[in-house]
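The values are calculated or read from the model by the stated rules, or taken from the named source; none is laboratory data. Quick caveat, the model's predicted, so the values are computed rather than measured. Cβ atoms come from the backbone with ideal geometry, glycine included; neighbour counts cover every protein chain shown.
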Amino acid sequence: MSRIGSRLGLVCCCGLFLLFASACKQKQENPVTQYGDTLINSYKGAQNAAEQANLDAVRKAISAYRAANEGYPKSLQDIGSLIGSPIDLSGYDYDPATGTVTLKPKQ
């Protein structure tokens with residue numbers, strides 16, 4: 001019985017060694033890096049939300065212009081006063097034939 005007990009002990013020791021060895025290989029995350037990544041992701045999310053809100057405001061201004069003038073504006077500068085807040089209109093692609101406006105691709 002002592003051989004079985006010693007083999008069982010050896011198997012348990014080897015299993016524990018492998019468990020601890022695999023746990024040591026896992027890289028610990030730096031809390032400062034995690035915090036920085038969280039801040040960056042939050043900032044990017046806020047930027048995307050602001051861009052979408054501005055795009056919606058531009059689209060609504062185009063609709064208001066069309067309703068008042070029976071046609072689409074010739075350029076986005078024609079709707080600047082309808083938006084209500086300063087928006088940099090150079091970040092949008094606009095098709096005056098269809099009234100379609102989209103965000104320009106980021107470079």
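Worth a mention:
- Restricting attention to the range 87-107, the residues that are surrounded by fewer than 10 Cβ atoms within 10 Å (Cβ to Cβ) and over 24 Å from the mean Cα position of the chain (by Cα) add up to 2.
- Scanning the range 50-75 for residues that are surrounded by 10 or more Cβ atoms within 10 Å (Cβ to Cβ) and among the acidic types (D, E) yields a total of 2.
- Residues (in a helix (DSSP H, G or I) and modelled with pLDDT under 60) located in the range 23-60: A23, C24, K25
- Of all the residues in the range 64-105, those that are part of a loop (DSSP other than H, G, I, E, B) and modelled with pLDDT under 90 number 8.
- Restricting attention to the range 31-49, the residues that are surrounded by 10 or more Cβ atoms within 10 Å (Cβ to Cβ) and over 30 Å from P105 (Cβ atoms) total 2.
- Of all residues in the range 43-58, those that are in contact (Cβ under 8 Å) with a residue 24 or more places away in the chain have Cβ atoms under 7 Å from Cβ atoms of residues that are surrounded by 10 or more Cβ atoms within 10 Å (Cβ to Cβ) and of a type in the set (F, W, Y), 6 or more apart or on another chain, in V58/Y92.
- Close pairs (6 angstrom Cβ cut-off, 6 or more residues apart or separate chains): over 24 Å from E70 (Cβ atoms) in the range 83-105, surrounded by fewer than 12 Cβ atoms within 10 Å (Cβ to Cβ) anywhere: G91/K104; K104/D93
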